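K.L.:
The structure under discussion is supplied below as structure tokens; questions concerning it will follow.
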Amino acid sequence: MRIDIITVSPELIKSPFEFSIIKRAIDKHLVEIHFHDLRKYALNDYGKIDDYQFGGGAGMVLMIEPIDKCITKLKEERVYDEVIYMTPDATTLNQQTANKLSLNKNMIILCGHYKGVDQRVRDLFITKEISIGDYVLSGGELGAAVLCDTIIRLIPGVLGDETSALTDSFQDHLLSPPVYTRPSEYKGVNAPKILLSGNFPKIDEWRNEQALERTKKIRPDLLED
Ligand code: ADE
């Protein structure tokens, strides 16, 4: 998989890709991440990429021309499955969307900034718009990092234990059951005996019950479908 991230703040988004599981996925060549500084496509030597919005109002709007130049250049080099725009006014990211996107080969992610992008960018170039939640961030960069993380961990070979992405919370519309490790007793509080029993069918049954209980209590909306 290859992901091209277009941003006005490349430094803001780089560090999540330099550690842990995501870094290992890059080192193993399972994913390539390329950052594109929108200012390199600016209209003038001062790096102009934004302007006041027509009709008045606070906040600057990212202009279409630099974004067009950047996306067009990338599209000349390869075919993209999706051109994604990170913005709060979109449908919210969930596990099903991440699962689908993890099957793609090439994707562009455009990070919004300031007041957003000229609507014509969205109309002409964007194939999918994603919000990471009902709150407003200062830009799309942190959202793009979240999106990439959740997609990349699903690529086969990224997680050591092939099954562990499938047992994550939200796969099957359920939250994960509680987990325990050594010591089995800590200051008088015991781990559930069943987990130490070695009876794996019973352990699976217990985990399923716990997952359902937790979901009913914390996120009943996940069970509505
Ligand atoms: N940019 C600003 N807020 C955002 C959000 N909630 N999700 C994605 N991108 C954003």
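The values are calculated or read from the model by the stated rules, or taken from the named source; none is laboratory data. What you are looking at is a predicted structure, and each value in this text was computed from that prediction instead of being measured. Note that we place each Cβ from the backbone using ideal geometry, even for glycine, and neighbour counts take in every protein chain shown. Side chains included, ligands, DNA and RNA excluded: accessible areas come from the protein's heavy atoms. Shrake-Rupley method; radii C 1.70, N 1.55, O 1.52, S 1.80 Å.
K.L.:
Glu11: net charge of surrounding residues, Cβ under 13 Å, Lys/Arg +1, Asp/Glu -1, itself excluded? Intermediate results must be reported in sequence, preceding the final value.
P.N.:
Details: positive: Lys14, Arg39; negative: Glu18, Asp37, Glu141.
Around Glu11, the surrounding residues sum to -1.
K.L.:
With a cut-off of 16 Å, note down the residues of region 165-182 whose backbone N falls inside the zone around a label point 7 Å from the Cα of Leu196 toward its beta carbon.
P.N.:
Answer for this model: 179-182.
K.L.:
Based on the Cβ-Cβ distance from Asp225 to Tyr135, what FRET efficiency comes out when R0 is 22 Å, to the nearest 0.05? Numbers along the way, then the final one.
P.N.:
On the way: r = 24 Å, r/R0 = 1.11.
Calculated transfer efficiency: 0.35.
K.L.:
Here is a further query. Treating the angle as unsigned and between 0 and 90°, give the value, to the nearest 10°, between the Cα long axis of helix 64-77 and the longest Cα principal axis of the chain.
P.N.:
The helix 64-77 is inclined about 70 degrees to the chain.
K.L.:
Using only the Cα atoms of region 2-152, each taken as one equal point scatterer with no solvent, compute I(q) by the Debye sum, divide by I(0), and report log10 of the ratio at q = 0.15 Å⁻¹.
P.N.:
Ignoring solvent entirely, the Cα scatterers give -0.76.
K.L.:
Answer rounded, prolate or oblate for region 102-144, using the Cα gyration tensor with square roots of eigenvalues a ≥ b ≥ c: rounded when a/c is under 1.5, else prolate when a/b is larger than b/c, else oblate.
P.N.:
Numbers: a/c = 2.08, a/b = 1.19, b/c = 1.76.
Oblate, since a/c reaches 1.5 and b/c is not below a/b.
K.L.:
Can you tell me the alpha carbon radius of gyration of region 169-224 divided by the globular rule-of-thumb value 2.2 N^0.38 Å? Spell out each step's value before the answer.
P.N.:
Working: Rg = 12.9 Å, N = 56, 2.2 N^0.38 = 10.2 Å.
Ratio of Rg to 2.2 N^0.38 Å for region 169-224: 1.27.
K.L.:
Determine the alpha carbon to alpha carbon distance for each of Lys73/Lys105; Lys187/Lys217; Lys48/Lys115; Lys28/Lys75 and list only those over 21 Å. Walk me through the numbers on the way to the answer.
P.N.:
Values: Lys73/Lys105 18 Å; Lys187/Lys217 27 Å; Lys48/Lys115 15 Å; Lys28/Lys75 25 Å.
Violating the 21 Å Cα-Cα cut-off are Lys187/Lys217; Lys28/Lys75.
K.L.:
Once every DSSP H run of n ≥ 4 in the chain is given -39500 (n - 2.57) and the sum is divided by its residues, what mean residue ellipticity at 222 nm do you get, rounded to the nearest 500 deg cm²/dmol? Intermediate values should be presented prior to the final figure.
P.N.:
Working: 7 runs with 71 residues, N = 225.
Roughly -9500 deg cm²/dmol at 222 nm, from the helical runs in the chain.
K.L.:
Within region 169-224, what whole-number % of the accessible surface is contributed by carbon and sulfur, with the 1.4 Å probe and all protein chains included in the calculation?
P.N.:
On the way: 2410 of 4510 Å².
Ligands and nucleic acids excluded, carbon and sulfur reach 54 percent.
K.L.:
Given a 1.4 Å probe and every protein chain left where it sits, what share in percent of the accessible area of region 2-152 is carbon and sulfur?
P.N.:
Working: 4220 of 7990 Å².
The nonpolar share, carbon plus sulfur, comes to 53 percent.
K.L.:
Per residue, how much accessible surface does region 106-157 expose to a 1.4 Å probe? Answer in Å², no decimals. Can you show the working numbers first?
P.N.:
Working: 2240 Å² over 52 residues.
I get 43 Å² per residue for region 106-157.
K.L.:
Let me ask you something else. Just to be sure I understand: of the beta bridges DSSP finds with both ends in the chain, what percent are antiparallel, rounded to 5?
P.N.:
Numbers: 6 of 28 bridges.
Looking only at bridges with both residues in the chain, the antiparallel portion is about 20 percent.
K.L.:
Report the GluC sites (Glu not before Pro) located in region 10-89 that are in a DSSP loop and have at most 13 other Cβ atoms inside 10 Å of their Cβ, or state none. Present the calculation step by step, with values, prior to reporting the outcome.
P.N.:
Details: sites: Glu11, Glu18, Glu32, Glu76, Glu77, Glu82; in loops: none.
Sites meeting the loop and neighbour criteria: none at all.
K.L.:
Follow-up. Below 12 angstrom from the Cβ of Arg120, what's the summed charge of the other residues (Lys, Arg +1; Asp, Glu -1)? Please report the intermediate quantities before stating the final value.
P.N.:
On the way: positive: Arg122; negative: Glu65, Asp68, Asp118, Asp123.
The answer is -3.
K.L.:
Given a Förster distance of 30 angstrom, what is the FRET efficiency for Gln96 paired with Ile21, based on the Cβ-Cβ distance and rounded to 0.05?
P.N.:
On the way: r = 21 Å, r/R0 = 0.70.
Plugging the Cβ-Cβ distance into 1/(1 + (r/R0)^6) gives 0.90.
K.L.:
A further question follows. Provide the gained length on full extension for the span Glu76 to Leu103, in nm with one decimal, where the gain is 0.36 nm per separating residue minus the Cα-Cα distance. Provide the component values of the computation, followed by the final result.
P.N.:
Values: separation 27, 0.36 × 27 = 9.72 nm, distance 2.20 nm.
Fully extending the segment from Glu76 to Leu103 adds 7.5 nm.
K.L.:
Another question, then. Nearest 5 is fine: what % of DSSP beta bridges in region 1-94 come out antiparallel, could you say? Write down the numbers at each step before the final one.
P.N.:
Numbers: 3 of 9 bridges.
In region 1-94, DSSP labels about 35 percent of beta bridges as antiparallel.
K.L.:
Any aspartates and glutamates with Cα under 16 Å of the Lys40 Cα? List them, leaving off those in the same chain fewer than 8 positions away.
P.N.:
Within the straight-line limit of under 16 Å, Lys40 reaches these aspartates and glutamates: Asp4, Glu11, Asp50, Glu65, Asp68.
K.L.:
Related question: For the full complex of protein chains and a 1.4 angstrom probe, list Tyr46, Tyr52, Tyr135, Tyr85 by accessible area with the highest value first.
P.N.:
On the way: Tyr46 210, Tyr52 165, Tyr135 120, Tyr85 5 Å².
Largest accessible area first, the list is Tyr46, Tyr52, Tyr135, Tyr85.
K.L.:
Can I ask one more? Among residues other than Pro177 whose Cβ falls under 12 Å from its Cβ, what is the net charge (Lys/Arg +1, Asp/Glu -1)? Display every interim value, and only then the final one.
P.N.:
On the way: positive: Arg207, Arg214; negative: Asp168, Asp172, Asp204, Glu205, Glu209, Glu213.
Spelling it out: positives minus negatives among the neighbours equals -4.
K.L.:
Rolling a 1.4 angstrom probe over the protein heavy atoms, how many square angstrom per residue are accessible across region 169-224?
P.N.:
Details: 4510 Å² over 56 residues.
That works out to 80 Å² for each residue.
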